[in-house]
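For reference, the structure is listed below as structure tokens.
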């Protein structure tokens, strides 16, 4: 993993109610953009905002305004964005021609709202302006008289107007008299930077694998396809399948046979462990999460649950600490895995029928109190024994991973 940054500046309506954020490329944790390649900056911003950090964590339920260079108007990656929440801004240096107008028509047909950034009207732009939803005017580049003329000329197109770079109370008041609907600038709020963590390709592949493994009886061939797409993951799976614990009489170099040998339960567990081990290497945090996962499974076995059901509690324990180790919000991880409501309730809200299981585990890690006796899955002395077993299992596994 490595840190990534996204700037965001709030956008308000005429009643100073927050309506959205403009998302801004940032190369570091500072409020200035250093851009030498507009396409690369757009690409980095889209990945950081929509993949690494996630839109819910950046804007919540509000709108996200995203700047696009010309080459991204027809880029298929745009179609993956949620049109009900994203406003696409055409940058001011885009030369407006028939191709641009046609691309905007396609984006409008897909449900996106379109904004023109730092715009000043020209007659030959009429076809485009008739299509867009919002026009952003840089009020610092115009006198009051010129700004009023620009507003008057744009009214005929029925677009919503956004005043940007509103830096003083006097500017804000004047824009209100002109009837702007939206406002953006230092007078209302400065931009600030959100920091997140970018998962590397192996970690992303493992999370996609985990998502498939949540299905009931996933096809081994589908698992083979996902694992084969990431060579590092494939090597790890083959190594584990040929380790002394699993290889049986004969080693195998066939990935499909390795998957059948390990079974989806073991692959799920190993995928989770490889996310942790590959992301951070051995650490106290990784060890603690592995202990949680193993203890969850051991607790389930004491209840006489089927092995497939015990795997569920391994997942519960593992996910309960995954966010702290990866530096990725837990809610974002869960969004990709589509777990049961009971598991999400326990992990995110610490309540529901599965919460006492986590409380039993966490009571061994610090000052947290165990659940009441009538809610605990096992007696305290049994929990202590299982915790020690989980610690030993984790030590053995970490030692094995360090030697593969």
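Applying the set (1) at pLDDT below 80; (2) crowded, with 19+ Cβ neighbours inside 10 Å to residue 33 leaves exactly one unmet item: (2). Can you tell me which residue among 103, 110, 169 is loosely packed, with under 13 Cβ neighbours inside 10 Å and under 31 Å from the mean Cα position of the chain (by Cα)? So the residue among 103, 110, 169 that is loosely packed, with under 13 Cβ neighbours inside 10 Å and under 31 Å from the mean Cα position of the chain (by Cα) is 110. Here residue 348 passes the criteria (1) part of a helix (DSSP H, G or I); (2) out of contact with any helix residue (DSSP H, G or I) (no Cβ under 7 Å at 6 or more places or on another chain); (3) at pLDDT 85 or above except the one numbered (2). Looking across the range 120-169, just one residue is touching a strand residue (DSSP E or B) at 6+ places or on another chain (Cβ under 8 Å) and at positive phi, and that is 165.
Matching residues to (1) farther than 30 Å from residue 80 by Cβ; (2) at pLDDT 95 or above; (3) in contact with a helix residue (DSSP H, G or I) (Cβ under 7 Å, 6 or more places away or on another chain):
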| position | (1), (2), (3) |
| --- | --- |
| 120 | yes, no, yes |
| 126 | yes, no, no |
| 136 | no, yes, no |
| 141 | yes, no, no |
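Evaluate the following for residue 202: is it within 30 Å of residue 8 (Cα to Cα) and modelled with pLDDT under 65? For residue 202, the condition - within 30 Å of residue 8 (Cα to Cα) and modelled with pLDDT under 65 - is met. Evaluation of residue 353 against the conditions (1) part of a helix (DSSP H, G or I); (2) farther than 27 Å from residue 57 by Cβ; (3) modelled with pLDDT of 85 or more; (4) touching a helix residue (DSSP H, G or I) at 6+ places or on another chain (Cβ under 7 Å) shows that the sole unmet condition is (1).
Inspection of the range 90-103 finds a residue satisfying the criterion of being at pLDDT below 95, within 21 Å of residue 10 (Cα to Cα) and not in a strand (DSSP E or B).
The values are calculated or read from the model by the stated rules, or taken from the named source; none is laboratory data. Computed from a prediction, not measured in an experiment: that's the story for all the values here. So basically every Cβ, Gly included, is an ideal-geometry build from the backbone, and we count neighbours across all protein chains shown.
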